[in-house]
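*Asks:* Here it is, the structure in full.
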């Protein structure tokens, strides 16, 4: 049985109170909270800025059969399969419009399907979608194709169809194996069910299997979460992600079903993550960025060593040089200096696609200062350090003062050449990155840093 965890050395409750509050996750800079009205023409301009860049596709499939109370994704809860069929038809019409407009044959190096639960859809719908996208876009041989699956609704036939369609990476939502935690978040998922999906995926030749965990869930303790992590380690996935639960009931109505009294205190949340991080690294996984872990042979580790690791709306990735095209309701694109997000409401999304082919609703065009700050923030999120000369950045007096305070608290080392987060500071890397955030996004709408 795992031993009880202590707080990391050098991290005190006072430090948690000072730096552990609400902060953006910085999957982009500026964040989506800064998006304003945007048009398809704006997105097309962004895609036209760098016509030689390869492409990464994100396909959003929003449907789930039941509500997971922790979920902060754009999801639609239904058991009616007809809604999924109609949605796939609309999504393909959007993909056709985008593919027709793209000049030349820009190669696709990566595709990711997320949700929702893509395996809400029956296997034949997924096959239809994959085949159509294969025909519409030019996929490079060996392109990374990944999909998120909910083990509760994923069958061997789903996995066979996805593998036949060329998918080579799969991500399983686990969150926590503890039955009390699962009941508290309305996601009862027996461990044996998850392991069966994992073993089936291995037998079919998926060479990248990821497990997603969440710390900070109701009724979770450092001891119970350590048991979950030990069982995940025994199942030997290629990657593990440990996300911090964002309890935002004012923004996400279904999270009101969670009793705030059941949530672990910030100190216990940090114990959960610290113990899990230590256990995974002792077992041979390498830490990637702030919340990912990968086997040493994984492409994420090579990207980290080569300085090419990138952070996107889907987390850490090896394809930072690609323009991202988001397809589906609420999907976000990132091309050059623009971000663009589709309509979130399914009805509005479908109407826009029917009328225009595109459904862009919100977004942002980055100015020169935004581009510089994006480099700075992403360097911190990926490498935990900054070189002022490399990033072409000189901190303002106010920024330098805040950094000096953090250095005095042991979070970073600061000098005329740059800064480096200490081992303790890595737990607060989002708070360090926020020093360079000149946007007006309200932090109260974000999750806690720890």
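*Asks:* Can you pull out the residues in the range 1-20 that are over 23 Å from residue 223 (Cβ atoms) and surrounded by fewer than 18 Cβ atoms within 10 Å (Cβ to Cβ)?
*Replies:* Scanning the range 1-20 gives 14, 17, 18.
*Asks:* Taking into account only those residues within the range 296-317 that are in a loop (DSSP other than H, G, I, E, B) and in contact with a strand residue (DSSP E or B) (Cβ under 7 Å, 6 or more places away or on another chain), which is surrounded by the most Cβ atoms within 10 Å (Cβ to Cβ)? I'd like the intermediate steps shown before the answer.
*Replies:* Filtering the range 296-317 for residues in a loop (DSSP other than H, G, I, E, B) gives 296-298, 307-309, 313-314.
With the extra rule that they be in contact with a strand residue (DSSP E or B) (Cβ under 7 Å, 6 or more places away or on another chain), the set shrinks to 296, 298, 309, 313-314.
Values: 296: 10, 298: 20, 309: 24, 313: 20, 314: 18.
Residue satisfying both the conditions and the ranking: 309.
*Asks:* Scan the range 104-143 residue by residue and report those that are touching a residue at least 60 places away in the same chain (Cβ under 8 Å), crowded, with 18+ Cβ neighbours inside 10 Å and over 18 Å from residue 333 (Cβ atoms).
*Replies:* 121, 129
*Asks:* Another question about this same structure. For the range 329-410, list the strands (runs of 3 or more DSSP E) that sit wholly inside it and hold at least 3 residues that are buried (at least 21 other Cβ atoms within 10 Å of the Cβ); which are they? It would help to see each step written out before you state the result.
*Replies:* Values: elements: 332-335, 338-342, 360-365, 385-387.
Ranges flagged: 332-335, 338-342, 360-365.
*Asks:* Let me ask something else about it. For residue 210, are the conditions met, namely being closer than 21 Å to residue 295 by Cβ and in contact with a strand residue (DSSP E or B) (Cβ under 6 Å, 6 or more places away or on another chain)? Spell out how you get there, then give the answer.
*Replies:* Working: closer than 21 Å to residue 295 by Cβ: yes; in contact with a strand residue (DSSP E or B) (Cβ under 6 Å, 6 or more places away or on another chain): yes.
Against the criterion (closer than 21 Å to residue 295 by Cβ and in contact with a strand residue (DSSP E or B) (Cβ under 6 Å, 6 or more places away or on another chain)), residue 210 qualifies.
*Asks:* Take residue 357 and tell me if it is in the same structural domain as residue 217 (by TED's automatic domain parsing) and either under 30 Å from residue 221 (Cβ atoms) or in contact with a helix residue (DSSP H, G or I) (Cβ under 9 Å, 6 or more places away or on another chain) (or both). Steps first, answer last, please.
*Replies:* On the way: in the same structural domain as residue 217 (by TED's automatic domain parsing): no; either under 30 Å from residue 221 (Cβ atoms) or in contact with a helix residue (DSSP H, G or I) (Cβ under 9 Å, 6 or more places away or on another chain) (or both): yes.
It is false that residue 357 is in the same structural domain as residue 217 (by TED's automatic domain parsing) and either under 30 Å from residue 221 (Cβ atoms) or in contact with a helix residue (DSSP H, G or I) (Cβ under 9 Å, 6 or more places away or on another chain) (or both).
*Asks:* Of everything in the range 236-281, what is over 22 Å from residue 12 (Cα atoms), in contact with a helix residue (DSSP H, G or I) (Cβ under 8 Å, 6 or more places away or on another chain) and surrounded by 17 or more Cβ atoms within 10 Å (Cβ to Cβ)? Give them in sequence order.
*Replies:* Residues satisfying the conditions are 237, 239, 240, 247, 258, 280.
The values are calculated or read from the model by the stated rules, or taken from the named source; none is laboratory data. Bear in mind the structure is a predicted one, so any value in this text is a computation, not a measurement. Quick reminder, even Gly has a Cβ in these numbers, built from the backbone with ideal geometry, and neighbours come from all protein chains shown.
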